[in-house]
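> Here it is, the structure in full.
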Amino acid sequence: TKRKEMEEVLSALPQRILAAQESERERISREIHDDLGQSLATLKMFIQVGFEEHFAASISHKRTFDKTIKYLDTIINKTRNLAAGLRPSTLEVLGLKASLRSLINDFRNNKRLKVHVRMSALDGIKFKGETINFYRIIQKALTNIISHAQAQNVQVVFSRQKKQLITKIKDDGKGFITEKLAQENPPSRGLGLSTMQERATLLGGNLHIYSEPNKGTVITLTVPIVQSHDI
(Lines give C-alpha, C1' and ligand atoms only; values in the text may rest on other atoms or scores of the structure.)
Protein backbone atom coordinates (compact mmCIF):
# COMPACT_ATOMS: atom_id res chain seq x y z
CA THR A 1 0.00 0.00 0.00
CA LYS A 2 2.82 2.39 0.87
CA ARG A 3 4.55 1.64 -2.42
CA LYS A 4 1.33 2.36 -4.32
CA GLU A 5 0.85 5.62 -2.43
CA MET A 6 4.43 6.62 -3.21
CA GLU A 7 3.95 5.85 -6.90
CA GLU A 8 0.79 7.97 -6.96
CA VAL A 9 2.63 10.86 -5.29
CA LEU A 10 5.52 10.61 -7.76
CA SER A 11 3.21 10.42 -10.78
CA ALA A 12 1.39 13.57 -9.64
CA LEU A 13 4.63 15.47 -8.94
CA PRO A 14 5.24 16.82 -12.48
CA GLN A 15 1.70 18.18 -12.57
CA ARG A 16 2.14 19.87 -9.19
CA ILE A 17 5.38 21.42 -10.41
CA LEU A 18 3.63 22.78 -13.52
CA ALA A 19 0.84 24.25 -11.40
CA ALA A 20 3.39 25.91 -9.10
CA GLN A 21 5.29 27.28 -12.11
CA GLU A 22 2.16 28.83 -13.58
CA SER A 23 1.28 30.41 -10.24
CA GLU A 24 4.76 31.94 -9.97
CA ARG A 25 4.67 33.08 -13.59
CA GLU A 26 1.37 34.83 -12.95
CA ARG A 27 2.78 36.63 -9.90
CA ILE A 28 5.95 37.77 -11.69
CA SER A 29 4.00 38.81 -14.79
CA ARG A 30 1.65 40.94 -12.70
CA GLU A 31 4.57 42.62 -10.92
CA ILE A 32 6.35 43.35 -14.20
CA HIS A 33 3.21 44.72 -15.85
CA ASP A 34 1.74 46.65 -12.92
CA ASP A 35 4.90 47.85 -11.18
CA LEU A 36 7.81 48.03 -13.62
CA GLY A 37 5.62 48.83 -16.64
CA GLN A 38 3.81 51.65 -14.86
CA SER A 39 7.08 53.03 -13.48
CA LEU A 40 8.57 53.22 -16.97
CA ALA A 41 5.45 54.90 -18.34
CA THR A 42 5.60 57.47 -15.51
CA LEU A 43 9.31 58.09 -16.19
CA LYS A 44 8.53 58.72 -19.84
CA MET A 45 5.84 61.23 -18.86
CA PHE A 46 8.20 63.08 -16.49
CA ILE A 47 10.86 63.35 -19.20
CA GLN A 48 8.34 64.61 -21.75
CA VAL A 49 6.82 67.21 -19.41
CA GLY A 50 10.06 68.38 -17.78
CA PHE A 51 12.48 68.55 -20.68
CA GLU A 52 10.58 68.85 -23.97
CA GLU A 53 10.43 72.66 -24.01
CA HIS A 54 14.03 72.97 -22.79
CA PHE A 55 15.43 70.62 -25.44
CA ALA A 56 13.31 72.16 -28.19
CA ALA A 57 15.60 75.23 -28.16
CA SER A 58 18.46 73.22 -29.66
CA ILE A 59 18.28 70.87 -32.63
CA SER A 60 20.98 68.58 -31.21
CA HIS A 61 19.23 68.46 -27.85
CA LYS A 62 15.92 67.76 -29.59
CA ARG A 63 17.46 64.77 -31.35
CA THR A 64 18.82 63.45 -28.05
CA PHE A 65 15.40 63.93 -26.47
CA ASP A 66 13.65 62.08 -29.31
CA LYS A 67 16.13 59.20 -29.09
CA THR A 68 15.58 58.97 -25.33
CA ILE A 69 11.80 58.79 -25.73
CA LYS A 70 12.13 56.23 -28.53
CA TYR A 71 14.45 54.09 -26.40
CA LEU A 72 12.02 54.29 -23.47
CA ASP A 73 9.19 53.14 -25.76
CA THR A 74 11.34 50.17 -26.77
CA ILE A 75 11.98 49.26 -23.11
CA ILE A 76 8.26 49.58 -22.29
CA ASN A 77 7.34 47.29 -25.20
CA LYS A 78 9.96 44.74 -24.14
CA THR A 79 8.57 44.84 -20.61
CA ARG A 80 5.03 44.26 -21.85
CA ASN A 81 6.19 41.40 -24.09
CA LEU A 82 8.07 39.83 -21.20
CA ALA A 83 4.99 40.01 -18.97
CA ALA A 84 2.79 38.60 -21.74
CA GLY A 85 5.25 35.75 -22.31
CA LEU A 86 5.07 34.79 -18.66
CA ARG A 87 1.29 34.99 -18.47
CA PRO A 88 -0.89 36.31 -21.33
CA SER A 89 -3.05 39.05 -19.86
CA THR A 90 -5.62 38.60 -22.64
CA LEU A 91 -6.45 35.16 -21.24
CA GLU A 92 -8.10 36.62 -18.15
CA VAL A 93 -9.41 39.80 -19.77
CA LEU A 94 -10.62 38.69 -23.20
CA GLY A 95 -10.76 34.90 -22.89
CA LEU A 96 -9.21 31.90 -24.61
CA LYS A 97 -10.34 32.59 -28.17
CA ALA A 98 -8.92 36.12 -28.27
CA SER A 99 -5.69 34.98 -26.62
CA LEU A 100 -5.14 32.18 -29.12
CA ARG A 101 -5.96 34.51 -32.01
CA SER A 102 -3.31 36.93 -30.73
CA LEU A 103 -0.81 34.09 -30.27
CA ILE A 104 -1.40 32.75 -33.77
CA ASN A 105 -1.11 36.23 -35.29
CA ASP A 106 2.27 36.62 -33.58
CA PHE A 107 3.48 33.44 -35.27
CA ARG A 108 2.10 34.64 -38.58
CA ASN A 109 3.70 38.07 -38.36
CA ASN A 110 6.95 37.48 -36.49
CA LYS A 111 7.79 33.88 -37.44
CA ARG A 112 6.56 34.04 -41.04
CA LEU A 113 4.48 30.92 -40.59
CA LYS A 114 1.26 30.41 -42.55
CA VAL A 115 -1.30 29.30 -40.00
CA HIS A 116 -4.78 28.26 -41.13
CA VAL A 117 -7.18 28.08 -38.21
CA ARG A 118 -10.84 27.39 -37.41
CA MET A 119 -11.83 28.62 -33.95
CA SER A 120 -15.64 28.63 -33.83
CA ALA A 121 -15.67 25.53 -31.58
CA LEU A 122 -14.05 27.59 -28.80
CA ASP A 123 -17.18 29.67 -28.24
CA GLY A 124 -18.91 29.15 -24.89
CA ILE A 125 -16.71 26.42 -23.44
CA LYS A 126 -14.99 25.91 -20.13
CA PHE A 127 -12.34 23.38 -19.18
CA LYS A 128 -12.39 21.17 -16.13
CA GLY A 129 -8.75 22.17 -15.57
CA GLU A 130 -6.89 25.49 -15.80
CA THR A 131 -7.29 27.18 -19.19
CA ILE A 132 -3.64 28.25 -19.17
CA ASN A 133 -2.61 24.62 -19.68
CA PHE A 134 -4.56 24.43 -22.94
CA TYR A 135 -3.02 27.71 -24.08
CA ARG A 136 0.50 26.48 -23.24
CA ILE A 137 0.04 23.28 -25.24
CA ILE A 138 -0.95 25.23 -28.36
CA GLN A 139 1.88 27.69 -27.76
CA LYS A 140 4.47 24.92 -27.37
CA ALA A 141 3.21 23.02 -30.40
CA LEU A 142 3.60 26.10 -32.61
CA THR A 143 7.00 26.88 -31.09
CA ASN A 144 8.16 23.33 -31.88
CA ILE A 145 7.03 23.72 -35.48
CA ILE A 146 9.10 26.90 -35.81
CA SER A 147 12.15 25.45 -34.04
CA HIS A 148 12.25 21.90 -35.41
CA ALA A 149 9.78 21.14 -38.19
CA GLN A 150 10.97 23.51 -40.93
CA ALA A 151 7.33 23.81 -41.96
CA GLN A 152 5.71 26.51 -44.07
CA ASN A 153 2.05 25.75 -43.42
CA VAL A 154 0.14 24.75 -40.30
CA GLN A 155 -3.50 23.84 -39.86
CA VAL A 156 -5.09 24.29 -36.44
CA VAL A 157 -8.63 22.95 -36.19
CA PHE A 158 -10.79 23.01 -33.05
CA SER A 159 -13.89 20.81 -33.10
CA ARG A 160 -16.41 19.49 -30.60
CA GLN A 161 -17.51 15.93 -30.16
CA LYS A 162 -20.08 15.41 -27.43
CA LYS A 163 -18.48 16.93 -24.32
CA GLN A 164 -14.94 16.94 -25.67
CA LEU A 165 -12.86 19.53 -27.49
CA ILE A 166 -10.61 17.99 -30.12
CA THR A 167 -7.67 20.04 -31.36
CA LYS A 168 -5.66 18.96 -34.39
CA ILE A 169 -2.42 20.72 -35.27
CA LYS A 170 -0.99 19.56 -38.59
CA ASP A 171 2.17 20.85 -40.28
CA ASP A 172 3.93 20.14 -43.58
CA GLY A 173 7.40 19.98 -42.02
CA LYS A 174 10.16 17.38 -42.14
CA GLY A 175 8.53 15.11 -39.56
CA PHE A 176 10.25 12.37 -37.54
CA ILE A 177 9.91 8.73 -36.55
CA THR A 178 7.24 8.59 -33.85
CA GLU A 179 8.29 5.13 -32.65
CA LYS A 180 11.85 6.31 -32.08
CA LEU A 181 10.58 9.24 -30.04
CA ALA A 182 8.48 6.92 -27.87
CA GLN A 183 11.56 4.83 -27.07
CA GLU A 184 13.53 7.78 -25.74
CA ASN A 185 13.97 7.87 -21.98
CA PRO A 186 13.27 10.57 -21.05
CA PRO A 187 11.28 11.74 -24.09
CA SER A 188 12.86 14.38 -26.30
CA ARG A 189 13.58 17.27 -23.98
CA GLY A 190 14.17 19.62 -26.88
CA LEU A 191 10.55 19.26 -27.97
CA GLY A 192 9.09 19.55 -24.48
CA LEU A 193 6.60 16.81 -25.34
CA SER A 194 6.56 15.34 -21.85
CA THR A 195 5.46 18.72 -20.46
CA MET A 196 2.71 18.91 -23.07
CA GLN A 197 1.55 15.46 -22.01
CA GLU A 198 1.49 16.51 -18.35
CA ARG A 199 -0.55 19.61 -19.19
CA ALA A 200 -3.02 17.45 -21.10
CA THR A 201 -3.33 15.25 -18.01
CA LEU A 202 -4.02 18.34 -15.87
CA LEU A 203 -6.90 19.09 -18.24
CA GLY A 204 -8.21 15.54 -17.84
CA GLY A 205 -7.41 14.78 -21.48
CA ASN A 206 -4.76 13.14 -23.61
CA LEU A 207 -2.26 14.11 -26.28
CA HIS A 208 -1.35 11.99 -29.30
CA ILE A 209 1.46 12.70 -31.74
CA TYR A 210 1.86 11.06 -35.14
CA SER A 211 4.63 11.83 -37.59
CA GLU A 212 6.55 10.39 -40.51
CA PRO A 213 9.80 11.63 -42.07
CA ASN A 214 9.09 14.17 -44.83
CA LYS A 215 5.33 13.88 -44.23
CA GLY A 216 4.83 16.36 -41.42
CA THR A 217 3.38 15.92 -37.96
CA VAL A 218 -0.14 15.74 -36.55
CA ILE A 219 -0.80 16.54 -32.89
CA THR A 220 -4.22 15.59 -31.55
CA LEU A 221 -5.31 16.95 -28.19
CA THR A 222 -8.58 15.72 -26.69
CA VAL A 223 -9.89 17.33 -23.49
CA PRO A 224 -13.25 17.30 -21.69
CA ILE A 225 -15.20 20.55 -21.69
CA VAL A 226 -18.21 22.08 -20.02
CA GLN A 227 -20.36 24.09 -22.40
CA SER A 228 -21.86 27.41 -21.36
CA HIS A 229 -25.40 26.09 -21.01
CA ASP A 230 -24.11 23.40 -18.60
CA ILE A 231 -22.33 25.88 -16.30
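The values are calculated or read from the model by the stated rules, or taken from the named source; none is laboratory data. From a predicted model like this one, the values you see are computed outputs, not experimental measurements. Using ideal geometry, Cβ is built from the backbone for each residue, glycine included, and neighbour counts are taken over all protein chains shown. Protein only, heavy atoms only, side chains kept; ligands, DNA and RNA dropped before computing areas. Shrake-Rupley method; radii C 1.70, N 1.55, O 1.52, S 1.80 Å.
> Going through region 90-122 one residue at a time, which ones are surrounded by 17 or more Cβ atoms within 10 Å (Cβ to Cβ) and either hydroxyl-bearing (Ser, Thr, Tyr) or in contact (Cβ under 8 Å) with a residue 60 or more places away in the chain (or both)?
Once the filter is applied, which keeps residues that are surrounded by 17 or more Cβ atoms within 10 Å (Cβ to Cβ) and either hydroxyl-bearing (Ser, Thr, Tyr) or in contact (Cβ under 8 Å) with a residue 60 or more places away in the chain (or both), region 90-122 yields Thr90, Ser99.
> Moving to a separate point now. So, in region 214-223, of the ones that are of a type outside the set (A, V, I, L, M) and open to solvent by less than 70 Å² (accessible area, probe 1.4 Å), which residue ends up farthest from the chain's Cα centre (by Cα)?
Looking at residues that are of a type outside the set (A, V, I, L, M) and open to solvent by less than 70 Å² (accessible area, probe 1.4 Å), I get Gly216.
> Looking at region 110-129 only, could you name the residues that are within 22 Å of Asn144 (Cβ to Cβ) and either modelled with pLDDT under 90 or over 17 Å from the mean Cα position of the chain (by Cα) (or both)?
The answer is Asn110, Lys111, Arg112, Leu113, Lys114, His116, Arg118, Gly129.
> Which of the residues belonging to region 154-168 are open to solvent by 50 Å² or more (accessible area, probe 1.4 Å) and assigned to a strand (DSSP E or B)?
Gln155, Arg160, Gln161, Gln164, Lys168
> Can you tell me which residues in region 123-138 are open to solvent by less than 80 Å² (accessible area, probe 1.4 Å) and either of a type in the set (Ser, Thr, Tyr) or in a loop (DSSP other than H, G, I, E, B) (or both)?
Hits for region 123-138 are Asp123, Gly124, Gly129, Thr131, Tyr135.
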